Amino acid sequence: MAGDHGLRSTALATVGHLANAKTQTSAHVVADCPLHDTLLGVRGSWTRAEVLRYGELAMAAYDAFDGDEWSPYYGTCRHGLRRMVGLAGHGYVATTFIYATADVLPEWVEPILGAEEWDDGAHWMGYVAVAGDAEANRAGIRDVAVVWRGTSALVEWAMDVKTSLVPFAAGGDKKAKVATGFHSLYTDNNEKKLNNQSDDKNRTWSELGRVSAQDQVADELRRLLAHFRDERGEKVRVTFTGHSLGGALALLAARDAAASHPGLPVRAVTFGGPRVGNRAFRDGLVDGSVAVLRVVVGGDPVPWLPCLPAANLVALPLSLLPLEKYVPWLARMVSRWAPSWAYVHAAGDELVLDVATSKDKQGHHILKQDYDLQGRHNLDVYLHLLDREKRRDVALVNRSSSMLSKDMGIPAWWQQTANKGLKQDTQGRWFMSKRKEEDKPKANDKLELPDELHLPGGNVPETACLHAG
């Protein structure tokens, strides 16, 4: 997937749509052609603009996460629900936040390592948002976006490497299996620890994880569907999106939504997402009519992972060899008959982006051409390559990477928290600033659904407002 992605994308796209999406067993690569804004997929088409929009929604989740270890609010969202920034410009408003519990260690190990305070902790993992009236009228459908951020905390890295397969029984499928770490983040809660907690020191943080991310999303989808589809009679679609780990969680949630709401249009757009589960999990997405678009940058290593479950070394050639290029018929056979313990990618559409296509007016490369594996996985690089109209500031590429050519004159890794959150008072003394009350984390906070959902501008209901800052 690293060197020949452009030719591979164009060649495979000429095959056209699969004759029967119901029996789809592998990815259909859509052409990344600069002359077309519409990407033809197996289940309809995607526009470059909407794919970029979902990527920006995923970036908003990264930007809002408080990952500063010195912060007293570490692991939460920097903004309150009604002050969530980065959505209004895309026509969406957040309706609730999603928290995930990272259960890294067995309970008996926690006191030995002094891990009681951080293990089983709930971190802000994303949000659910709904398209405002203007966007819904433009699209002809009310889109609900379920947005997940990628790995941003050490405990989440620990979950990423838990690659043994465990059952995922959405829709009653007993053969479907997914990675243990992804499954744990999605389904765990800290209710047991909360009930056994003797003091109130971390009570607020614990309350955020009383319910699993899985149940939080399911409850919010039921609420939004009841309001927009059942009460107001609108057409509703749900789109799950995320980058890296967020892409994996998006596929888990999409499978659940399709199983719980038959006939509901469900889509998943992932950026640099890893493999999530086995063949039965992939087939469940197909049978549930989940339209999947996997966006990958050539040379990004994460879409190759996990290579194999623990101790299943025989799966290595099935997971790593570029069979689609050299032996396409064998690739189809492996995909169709992959054993239950082997990881396979979700079937659907794959958009492969090429860093060599980004050039300035003089034809010079904007992005480095060497294999910077971390840089090629960076979401800002994905969004830069998707943004053919160059509306995004190119300097954003280097805020958390070093992917820009040195000729651009932009320093690498330039984004920093000023003074590590400290501020200076009138006496010249430094102190750790506190959040405004409306930006402090609140358990079970949900946006009230007005009869008409507007975005800022004009006469706006207070409960549906987004504030900058």
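The residue that is least open to solvent (accessible area, probe 1.4 Å), counting only those in region 388-434 that are within 24 Å of TYR73 (Cβ to Cβ), of a type in the set (Lys, Arg) and part of a loop (DSSP other than H, G, I, E, B), is ARG399. So for region 270-288 (the condition being in contact (Cβ under 8 Å) with a residue 24 or more places away in the chain, aliphatic (A, V, I, L, M), out of contact with any Asp or Glu (no Cβ under 8 Å at 6 or more places or on another chain) and not in a helix (DSSP H, G or I)), does at least one residue qualify? Yes; the residues of region 270-288 include at least one that is in contact (Cβ under 8 Å) with a residue 24 or more places away in the chain, aliphatic (A, V, I, L, M), out of contact with any Asp or Glu (no Cβ under 8 Å at 6 or more places or on another chain) and not in a helix (DSSP H, G or I).
Scanning region 370-391 for residues being among the polar types (S, T, N, Q) and within 24 Å of THR47 (Cβ to Cβ) gives a total of 1. So, in region 36-73, of the ones that are aromatic (Phe, Trp, Tyr) and in contact with a strand residue (DSSP E or B) (Cβ under 9 Å, 6 or more places away or on another chain), which residue ends up modelled with the lowest pLDDT? Checking each candidate, the answer is TRP46.
Only helices (runs of 4 or more DSSP H) whose full extent lies in region 112-222 are considered here, and the ones with at least 2 residues that are modelled with pLDDT of 75 or more are 133-139, 154-160, 180-187, 203-208. Within region 97-111, can you find the residues that are surrounded by fewer than 19 Cβ atoms within 10 Å (Cβ to Cβ) and modelled with pLDDT of 85 or more? None; the set is empty.
Of everything listed in (1) surrounded by fewer than 22 Cβ atoms within 10 Å (Cβ to Cβ); (2) in a helix (DSSP H, G or I), the single unmet condition for GLN369 is (2).
The values are calculated or read from the model by the stated rules, or taken from the named source; none is laboratory data. On a predicted model such as this, the values are computed, not experimentally measured, just so you know. All Cβ positions, glycine included, derive from the backbone under ideal geometry; neighbour counts span all protein chains shown. Note: accessible area is taken over every heavy atom of the protein model, side chains too, but ligands, DNA and RNA are not part of it. Shrake-Rupley method; radii C 1.70, N 1.55, O 1.52, S 1.80 Å.
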